[in-house]
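J.: Below you will find the structure I want to go over with you.
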Amino acid sequence: MSELTARVALVTGGTRGIGLATARALAQAGATVVVTGRDADRAEAVAKEFGGHGLGLDVADFDAVGATVKQVTAAHGGLDVLVANAGIMESGLLGMLRADDVRRTLDVNVAGAVAAVQAAGRAMARKRRSADGTERRGGSIVLLASVVGTYGAAGQSVYAASKAAVAALARSAARELGGRGIRVNAVAPGVIRTDLTASLPAEVLDRQAAAAALGRLGDPDEVADVIRFLAGDAARYVTGQVLGVDGGLVP
Ligand code: NAD
């Protein structure tokens, strides 16, 4: 039997990058995986590849996040793992920022994660019977912070602030939800090769690779493996942590 057999997992923004790698890793570990993306058709098509399910969801719509978690819970008999992965990174020097850009980043990265944690917390607190007949209560929530939330980065003030908020959300939610058997952790990736970082100038990427003790950038599956660990019972006494997955980055 695999580590996540009979568990139900939801990955937001799971149609590419770290989210997709995570969805594959959780499915490989035996979970029933639902991925969401802004485009429902694409989410469904992507999910087919690993035998999962896809739904359309814009995480900036707070109420829609709650409704989607309810829908997943009703369809699959509960929710055991949430990976609140959907996120955007908009670059811009402080002097160039417009109110709308600031709000959009905070709506997606912070409010979207809050909505997901709130809804998943409610679902996971309930007693339910898993597909293998065992009675379960509790679950594991993993959020996507970033090294930038700790160290900051010129030209990424709002993104950095949003990721610092996500780390604080993980620590705080862990305290609120621990009594119900729900663990909440975050991973803080360094620079990972995905569409999100593809637009960064080559010299920035080279500098980040050189600043990592391992001397290279990361790949999505290297983050996904750590998320899978946090999702499963191997991490059953780990909560409220923000775990760096950055190749030993010292910016
Ligand atoms: P990506 O751009 O490849 O994927 C992000 C996913 O989120 C996409 O599927 C996108 O469609 C989805 N998304 C964006 N806005 C959304 C919205 N409003 N509603 C629903 N889905 C939405 O990026 P990635 O690198 O895979 O990033 C995944 C997460 O990891 C993000 O939260 C990001 O901030 C974080 N992160 C990435 C890195 C990195 O170096 N790539 C480093 C640290 C943290």
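Any read-out appearing in this document is the output of simple, stated calculations on the displayed coordinates, not a laboratory observation. Just so we're clear, the structure is a prediction, and the values are computed from it rather than from any experiment. So basically every Cβ, Gly included, is an ideal-geometry build from the backbone, and we count neighbours across all protein chains shown.
J.: Once the piece of chain linking residue 38 and residue 225 is laid out straight, how much longer is it, given 0.36 nm per residue of separation minus the C-alpha distance between them?
T.: So the extension gain works out to 64.9 nm.
J.: Neighbour counts of other C-beta atoms within 10 Å: give me 110, 147 arranged from fewest to most. Spell out each step's value before the answer.
T.: On the way: 110 19, 147 24.
So the residues, fewest neighbours to most, are 110, 147.
J.: To check you understand DSSP bridge types, tell me what percent of the beta bridges within the chain (both residues inside) are antiparallel, rounded to 5.
T.: Once the DSSP bridges in the chain are tallied, antiparallel ones form about 10 percent.
J.: Just report the Cα centroid separation between segment 118-158 and segment 229-251, whole Å.
T.: So the separation of the two Cα centres works out to 13 Å.
J.: Let me ask something else. Using alpha-carbon pairs under 8 Å, 6+ residues apart, how would you state the relative contact order of segment 8-245 in percent?
T.: Values: 488 pairs, mean separation 46.3, N = 238.
The normalised contact order for segment 8-245 reaches 19 percent.
J.: Could you work out how far helix 62-76 tilts from the main Cα principal axis of the chain, as a 0 to 90 degree angle to the nearest 10?
T.: Helix 62-76 sits at roughly 40 degrees to that axis.
J.: Using Stokes-Einstein with the Kirkwood hydrodynamic radius over Cα pairs, what translational diffusion coefficient do you get for segment 8-245 at 10 °C and a viscosity of 1.306 mPa s, in µm²/s rounded to a whole number?
T.: 89
J.: Continuing with this model, one more query. Taking the Cα atoms of segment 153-192 alone, what are Rg (to one decimal) and Dmax (as a whole number) in Å?
T.: 12.7, 40
J.: Add +1 for every Lys or Arg and -1 for every Asp or Glu among the other residues with Cβ under 15 Å from the Cβ of residue 47, and state the total.
T.: Result for the local shell: +1.
J.: Are there any GluC sites (Glu not before Pro) in segment 1-75 that are in a DSSP loop and have at most 14 other Cβ atoms within 10 Å? List them by number.
T.: Loop-located and lightly packed - 49.
J.: Report ³J(HN,Hα) in whole Hz for each residue of segment 209-222, in order, from the Karplus equation J = 6.51 cos²θ - 1.76 cosθ + 1.60 where θ = phi - 60°; Gly and Pro get x.
T.: Working through the residues one at a time gives 4, 5, 7, 8, 4, 7, x, 7, 7, x, 10, x, 5, 6 Hz.
J.: OK, next. How big is segment 131-251 in terms of Cα radius of gyration and Dmax, in angstroms?
T.: Final numbers for Rg and Dmax: 15.9, 54 Å.
J.: Round to the nearest 10 and give me the degree value, 0 to 90, for the angle of helix 157-177's Cα axis relative to the longest principal axis of the chain.
T.: So the inclination is approximately 30 degrees.
J.: Given a cut-off of under 8 Å on Cα pairs at least six residues apart, what relative contact order in percent is computed for segment 1-113?
T.: Relative contact order comes out at 27 percent.
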